[in-house]
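Every read-out reported here was derived from the displayed coordinates using simple, explicitly stated rules and does not represent laboratory data. Predicted, not measured: the structure shown is a model, and the values here were computed from it. Quick reminder, even Gly has a Cβ in these numbers, built from the backbone with ideal geometry, and neighbours come from all protein chains shown.
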Amino acid sequence: MKTDELARHFRAHIATKYASNGKAPRFVLMHEVADSTGWGMTRKADAILLDCWKSKAGPQSLHGFEFKVSRADWLTELRNPGKADAIERFCHSWTVVAAVDVVKDKDFWASPQREQWGLCEVLPGGVVVIRQKAKPQDADPAPMRFVASLVRRAFEAGRDEGLARVADEVGE
């Protein structure tokens with residue numbers, strides 16, 4: 001499964017699971033979110049889900065997602081466990097989204113840090129199975145460089161969605 005295919009299935013899953021009920025959207029999903037804008041960028045998260053509503057569970061929150069489409073990609077992540085920290089530390093949960101058989105149980109739990117992480121598998125045909133729900137974690141306050149990156153991605157997603165809607169309406 002290619003990264004864009006995995007991302008498409010995951011976006012569809014998120015859109016269905018967190019659909020707006022006609023009010024202002026509770027959830028905003030952004031892809032390829034960097035830890036900063038411009039030259040200061042060092043890392044990217046494949047997706048960040050922003051929960052815009054305060055709920056019984058707590059205040060607004062950020063949930064990070066890292067996509068893994070190959071076993072080699074996952075093993076590289078395991079060899080560099082601090083890689084995700086650049087963005088994970090600003091998130092209230094972190095989940096690995098992987099194609100089937102990319103992540104093995106024995107290596108998923110190899111690091112104490114992974115005990116906090118969630119794991120979703122995308123099956124052939126696009127069905128998303130939650131194998132391990134991410135545990136809530138305290139998040140560091142997001143610096144303005146990260147907030148700027150989030151806002152930029154949210155704007156770009158809205159612009160792209162609007163352009164796609166216009167193209168559909170004019171038959172392009």
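Worth a mention:
- Ranked by how many other Cβ atoms sit within 10 Å of their own Cβ, fewest first, the residues VAL28, VAL129, VAL122, VAL69 fall in the order VAL129, VAL28, VAL69, VAL122.
- Within the shell of other residues whose beta carbon sits under 13 angstrom from the beta carbon of PHE67, the net charge comes to -3, with Lys and Arg scored +1 and Asp and Glu -1.
- Other-chain or far-sequence residues with amide H under 5 Å of ARG131's (modelled H): LEU119, CYS120, GLU121
- Straightening the chain between SER55 and GLN137 buys 27.9 nm, computed as 0.36 nm per residue apart minus the Cα-Cα spacing.
- Rounded to 5, percent antiparallel among DSSP beta bridges of the stretch 47-116: 50
- Ranking of GLU77, GLU88, GLU32 by count of other Cβ atoms within 10 Å, fewest first: GLU32, GLU77, GLU88
- Least to most buried among ILE48, ILE14 (fewest other Cβ within 10 Å first): ILE14, ILE48
- Amide H contacts of LYS68: VAL97, ALA98, ALA99, each under 5 Å away and 5 or more positions distant or on a separate chain (H built 1.01 Å from N in the peptide plane; Pro and chain starts excluded).
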